[in-house]
Amino acid sequence: MARSVWTAIKDPLQGRTSLTKVFWVYGILGSILVSAVGLVFDPGNLFAMRFYILFGLLFSLYVTVATYRCAGNCQSKSLARLVRISAAISLVALPVFAYLEFTGALDVAFSDMGGEL
């Protein structure tokens, strides 16, 4: 059992999984599960929320790297190229947005937007 879990984690990072499976199982279903876990955290507990944000960031980085690595398993070369470009952009954007969240800059930006329509 433990070996199959380790294999399920390791294979996408080594490009041994179909792009379809990485997208639907790891990307979509995994994101839904991570979001569901976030519902148990108390939004008033700063430490818990930062832990959840960090966990979500690490999961997103995992899925992005796995998607990039498994793009070569796609039959369409143009789709594989698009997936890899999107993954590279995400790898740059994710840490930037995490930094903005941890510093509170996103809260300030969104609160400023609330009054203007």
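The values are calculated or read from the model by the stated rules, or taken from the named source; none is laboratory data. The model shown is predicted, which means the values in this text are computed figures rather than measured ones. Don't worry about glycine lacking a Cβ; one is built from the backbone with ideal geometry, like all the others, and counts go over all protein chains shown. Surface areas here come from the heavy atoms of the whole protein model, side chains and all, with no ligands, DNA or RNA. Shrake-Rupley method; radii C 1.70, N 1.55, O 1.52, S 1.80 Å.
Quick notes on this one:
- Between 0 and 90°, nearest 10: helix 77-103 axis offset from the chain longest Cα axis: 30 degrees
- Cα long-axis angle, helix 105-114 against the chain (0 to 90 degrees, to the nearest 10): 70 degrees
- Where a label projected 7 Å from the Cα of W6 along Cα→Cβ would reach, residues of region 37-62 with amide N under 11 Å: none
- Gain upon complete extension [L46, L58; 0.36 nm per residue less C-alpha separation]: 2.5 nm
- The calculated 222 nm mean residue ellipticity attributable to helices in the chain amounts to -23500 deg cm²/dmol, summing -39500 (n - 2.57) over DSSP H runs of n ≥ 4 and dividing by all residues.
- Rounded to the nearest angstrom and listed largest first, the equivalent-ellipsoid semi-axes of the chain from its Cα gyration tensor are 30, 20, 11.
- The chain - percent of accessible surface contributed by carbon and sulfur, probe 1.4 Å: 70 percent
- For the chain, the longest principal axis of the alpha carbon atoms and the long axis of helix 46-70 meet at an angle near 30°.
- Residues L39 and L79, FRET efficiency given R0 of 35 Å [Cβ-Cβ distance, rounded to 0.05]: 0.55
- If you sort M49, M1, M113 by accessible surface, 1.4 Å probe, largest first, the order is M1, M113, M49.
- Ordering V63, V92, S18 by Cα displacement along the dipole of the chain toward the positive end leaves S18 in first place; charges were set at the Cβ atoms of Lys, Arg (+1) and Asp, Glu (-1).
- Local net charge near K21, Cβ-Cβ under 15 Å (Lys/Arg +1, Asp/Glu -1): +2
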